[in-house]
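Accompanying notes for the structure given below.
What follows is calculated from the coordinates using simple rules that are stated; it is not laboratory data. Everything quoted here is computed from the prediction, not taken from an experiment. Reconstructed Cβ throughout: ideal geometry from the backbone, glycine too, with neighbour counts over all protein chains shown.
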Amino acid sequence: MRLKKSVVLVGMMGSGKTAVGTQLARLLSVPFIDSDDAIVAAATRSIAEIFERDGEAFFRQKETQIIGRLLEGPSCVLSTGGGAFIAPRNRELIAAKGVSVWLRADLELLWQRVRHKSSRPLLHTPNPKATLKEIHAKRVPIYALADLTVDAETDLSIDAMAHRVLDALSTRPDVLER
């Protein structure tokens, strides 16, 4: 199989973008890149520190710059932060250079995955589950604009999810050549 353009995984925090993306990249023999990791490396600060010191607007500006730069490189599997696909400019960049894949997960699955993680700055609120529900409700209509949608399920392994994404990509001859 040959990947003709980058696969950009989008979706909520906890949907599996990093884990599934890493496995998908292995299956396709291409690099895996996490846009949040690239931002952290460029800023030499954690995302939480960027949010705290410079604010979300600054973070989103850097996120767009990094995504644009990464999409100019060789084809890869790119995992984006949960809010990345919300920005129209990011959707334009992704549509021009890659294919977007929404890893769709229901609210309960997301909550089970993120509730014990302190690395989610948007959930540093008095009621993190209510915050997650609110973010989810706002973002789902925008994630639905992705080129492909792959459903996550509680009992699916990372490998099984990566194969689901691969199956979805196989429907796109402009993306994947067998």
Structure-derived semi-axes √(5λ) of the Cα gyration tensor in Å: which label, when the choices are [x] 70, 13, 10; [y] 46, 18, 14; [z] 25, 20, 14:
[z]
Quick one: if you stick a label point 7 Å off each Cα along the C-beta vector at Ser170 and Ser29, how many nm between them?
1.8 nm
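Within the chain, which whole H helices from DSSP have a Cα span along their axis of at least 24 Å and a mean Kyte-Doolittle hydropathy of -1.0 or more, if any?
Details: long enough: 47-72 (30 Å, -0.36).
For the chain, where a helix must reach 24 Å along its axis and average at least -1.0, the hits are 47-72.
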At 222 nm, what value in deg cm²/dmol follows for the chain if DSSP H runs of at least 4 each add -39500 (n - 2.57) and the sum is divided by all its residues, to the nearest 500?
-16500 deg cm²/dmol
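Applying 1/(1 + (r/R0)^6) with R0 = 30 Å to the Cβ-Cβ distance of Leu156 and Glu52, what FRET efficiency is obtained, to the nearest 0.05?
Working from the Cβ atoms, E equals 0.30.
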If you only keep lysine pairs separated by 8 or more in sequence, or across chains, how many in the chain come under 28 Å at the Cα atoms?
22
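Can you compute the charge dipole magnitude of region 2-173 about its Cα centre, using +1 on each Lys and Arg Cβ and -1 on each Asp and Glu Cβ, nothing else charged? Give it in debye, rounded to the nearest 20. Please report the intermediate quantities before stating the final value.
Numbers: 24 positive and 19 negative charges, 55 e Å.
With only Lys, Arg, Asp and Glu charged at Cβ, the dipole is about 260 debye.
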